[in-house]
1. Is there a simple number for the mean count of other chain Cβ atoms within 10 Å of the Cβ of residues in B:137-149, and what is it?
2. For region B:152-157, what does the Karplus curve 6.51 cos²θ - 1.76 cosθ + 1.60, with θ = phi - 60°, yield as ³J(HN,Hα) per residue in whole Hz, taken in order and with x for Gly and Pro?
3. Chains A and B: buried accessible surface, both sides, probe 1.4 Å, rounded to 100 Å²?
4. For peptide B:23-32, compute the average count of partner chain beta-carbon atoms within 10 Å of each residue's beta-carbon.
5. In terms of modelled amide H atoms, which long-range or inter-chain residues lie less than 5 Å from the amide H of B:Gly74?
6. Spin-label point model (7 Å from Cα, Cβ direction): what's the B:Asp192 to A:Ala56 distance in nm?
7. Hey, rough spin-label estimate for B:Gln184 and B:Thr53, points 7 angstrom out along Cα→Cβ, what's it come to in nanometres?
8. Averaged across the residues of B:185-193, what count of C-beta atoms belonging to other chains lies within 10 Å of each residue's C-beta?
Amino acid sequence: MTEQSDEVLAEVLRAGRGARFGPGFAARVMQRVEDERANPLAAIMPKELVGLGAAALLIAVALITFSLAGGETQGAQTTVEAIFGLRPLTADTVYDPTALFLSEGASSS
Amino acid sequence: MTPPASVRRTRTDDLRLVRLARAGNENAFREIVETYEGAVAATVIGMLGPGGTADDVGQEVFVRLWKSLHRYRGEAALKTYLTRIAINLSLNELKRRKRFIDRFISRDRDEDQSPLIEPTADGVEAVDRRDTRRVVQAAIQQLKPQHRAVVVLRMLEGHDTNTAAEILGVRPGTVMSRLSRAMQALKPLLADRMEGLDDGTV
């Protein structure tokens, strides 16, 4: 009895086959692929990167604010400078930016 | 009668098309889309029901394939590979819908008490009973996602138990038990149709 009803149900389900997407489906796929090819970043931006970008921006702003607040006097090393191993921002480094990236010994003139 | 393209196509044909598509041949990729559009539609519409979301997910299936062409080595048939992507994306969409429903519609629903048949906005009663396909699709939409996937793969697409298990990443025994439970759940939903079939009126 159960096997028979299973068979009837299977037949009903088979009658439900044949669903199709709307006309022009292949063209829509090709357009999506073309969009991805033309601008892969933009294609995923809405989903994956917007939240990440906003979070990164907030963290950057907070870090810079904290860093500036931490630099008590001119010449003191701020948090950002410490993280990136930069020399403190002084009159020397302002007029000679390359000095920021050079070691003490290399930058001495 | 000429068999459909997806039946005539061999794995060698698929690999040749994939290689061409990988090399940037758009016509080859379009041929893949046109060949397997029906199989992907059966899976996605079976899982999600007809409508705009199913179309979007269907497009995404092929976009994912396009992105992963360099990884496809032909271990699985292209149809199986695409069906696996379609099932995964459909399950993700169902999870998204469930999150939305849980958050905004039924906050206090008890997970442990959730029935095998999940209530949906458009029940079988609302569907035109003369349209078998729509009735069957509406009935399948009442099943839990995991049971729905098994019914779609085994009953609508005609995959064997082992292939369905491979696509779903579960054991064949799990497929068989899920199918059995799903069939039991479907019987009352499709009782009218089953009687009609017995009478020869469908």
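The values are calculated or read from the model by the stated rules, or taken from the named source; none is laboratory data. Just so we're clear, the structure is a prediction, and the values are computed from it rather than from any experiment. In this analysis, Cβ positions are derived from the backbone assuming ideal geometry, glycine residues included, and neighbour counts consider all displayed protein chains. Remember, those area values only see protein heavy atoms, side chains included, never the ligands or the DNA or RNA. Shrake-Rupley method; radii C 1.70, N 1.55, O 1.52, S 1.80 Å.
1. 1
2. Listing the rounded values in order: 4, 5, 7, 8, 8, 8 Hz.
3. Protein heavy atoms only, the A-B interface buries about 3300 Å².
4. Averaged over the peptide's residues, the number is 2.
5. Those lying under 5 Å, H to H, from B:Gly74: there are none.
6. Placing both labels 7 Å beyond Cα along the Cβ direction yields 5.5 nm.
7. 2.8
8. The per-residue average across the peptide is 3.
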